[in-house]
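The values are calculated or read from the model by the stated rules, or taken from the named source; none is laboratory data. The structure displayed is predicted, hence computed values, not measured ones. Neighbour counts are summed over all protein chains in view; Cβ atoms, including those assigned to glycine, are modelled from backbone coordinates with ideal geometry. Quick note on the areas: whole protein, heavy atoms, side chains included, nothing else; ligands and nucleic acids left out. Shrake-Rupley method; radii C 1.70, N 1.55, O 1.52, S 1.80 Å.
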Amino acid sequence: MGDFFDFENLMNHLHGAFNHFPIALLFVSAGLDFVARKRPNLRSSAWLLLVLGTLGAIAATVSGLLAHLAYEDDPYLLSAMEVHQYLAFATTTLFAALTAWRWRSLRRGSDVGGNPVYLALILLGVVVLGVTGFLGGNLLSEYGIGVKGVTR
Ligand code: HEM
């Protein structure tokens, strides 16, 4: 892969660093909204993690797009990335929409965090996010993308 400070290598490392933020923060945000049915004071923590996790999803999407540019000339590797890429777009759009919805509701003095439609959508969101992360991991372990590895 050449020098450590190559654009391709840095983007690869950047995506590997950023993508952990949405995965960790958004799963905990969703979990807190369910626990908040019994402990309502956790709602504001769920909201904070939703905002931070959505910013993380945007950072992961941008860094992923930059990381994938190195493979533009290889149709086989590009097709391996396709589902990961499109599920990442869907995940980021869904969480951005949930953040906007919750922000509007908070400005009006209520919090949609306990709304059944919100809870159903955030559950859907973490499932799609989980599959996105799983397929991202497969790009490394099954296709060896961005890896100088040893397998025994
Ligand atoms: C919500 C957004 C995203 C998440 C959560 C995510 C998650 C992941 C994960 C967990 C990995 C395994 C690598 C590791 O653990 O270090 C990965 C790898 C990868 N992802 Fe994403 N990803 C996202 C968006 C994207 C997008 C939009 C693209 C564009 C094609 C992309 C391209 C890649 C590539 C090329 C790899 C393998 C090499 C590397 O790590 O740079 N990702 N992703």
Next item on the list: Return one quarter of the surface area of the convex hull spanned by the alpha-carbon atoms of the range 19-92, equal to its mean projected area, in nm².
Entry: 5.0
Margin query: Two decimals, Cα atoms only, Kirkwood Rh: what is Rg/Rh over the chain?
Written below: 1.06
Next item on the list: Once you've got the GNM for the chain with C-alpha springs shorter than 10 Å, pick whichever of 54, 93, 132 has the biggest mean-square fluctuation.
Entry: 93
Next item on the list: For the chain, give the percent of accessible area contributed by carbon and sulfur heavy atoms, probe 1.4 Å, rounded to a whole number.
Entry: 67
Checklist line | Under 14 Å, Cβ to Cβ, from residue 8 - net charge with Lys/Arg +1 and Asp/Glu -1 | finding: -4
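Excluding ligands, DNA and RNA, what is the solvent-accessible area per residue of the chain at a probe of 1.4 Å, expressed in Å²?
On the way: 9060 Å² over 152 residues.
I get 60 Å² per residue for this part.
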Notebook entry, point to check: Helices from the chain with mean Kyte-Doolittle at least 1.0 and a Cα length along the axis of 24 Å or more, per DSSP H: which?
Noted result: 43-68, 116-141
